[in-house]
Amino acid sequence: GIDKVVESDFWDCTRDVVISNFKEGKFKEGLVAGILRAGERLQHYFPFSGEDKDELSNEISKGTP
């Protein structure tokens, strides 16, 4: 559903922010900038309503023996 609401260049612009930092050797900064940019845009289209709840259990799974 994200692609249906965000700008057509959403992913390209986010990628460009990350890559421009990577080219300068700023790997951590690039990832943070890309995540923050994506988060800001997604918050605009998918705001937190306070009624959201976890869809998955918070139980710790030990897996199968």
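The values are calculated or read from the model by the stated rules, or taken from the named source; none is laboratory data. Predicted, not measured: the structure shown is a model, and the values here were computed from it. Counting neighbours? That spans all protein chains shown, and the Cβs are built from the backbone with ideal geometry, glycine included.
Table for the structure above
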| read-out | value |
| --- | --- |
| Candidates Lys26, Lys53, filtered to the one that is surrounded by 14 or more Cβ atoms within 10 Å (Cβ to Cβ) and either under 18 Å from Asp3 (Cβ atoms) or not hydrophobic (A, V, I, L, M, F, W, C) (or both) | Lys26 |
| Those residues of region 3-17 which are in contact with a Lys or Arg (Cβ under 9 Å, 6 or more places away or on another chain) and in a helix (DSSP H, G or I), in sequence order | Phe10, Cys13, Thr14, Val17 |
| Close pairs from region 1-28: first polar (S, T, N, Q), partner surrounded by 13 or more Cβ atoms within 10 Å (Cβ to Cβ), Cβ under 7 Å, at least 6 apart | Thr14/Gly34; Thr14/Arg37; Thr14/Ala38; Asn21/Glu29; Asn21/Gly30; Asn21/Ala33 |
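For every residue, the table says whether it meets (1) modelled with pLDDT under 80; (2) in a helix (DSSP H, G or I); (3) of a type in the set (Asp, Glu).
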site: Glu29; (1), (2), (3): no, yes, yes
site: Ala33; (1), (2), (3): no, yes, no
site: Glu40; (1), (2), (3): no, yes, yes
site: Gln43; (1), (2), (3): no, yes, no
site: Thr64; (1), (2), (3): yes, no, no
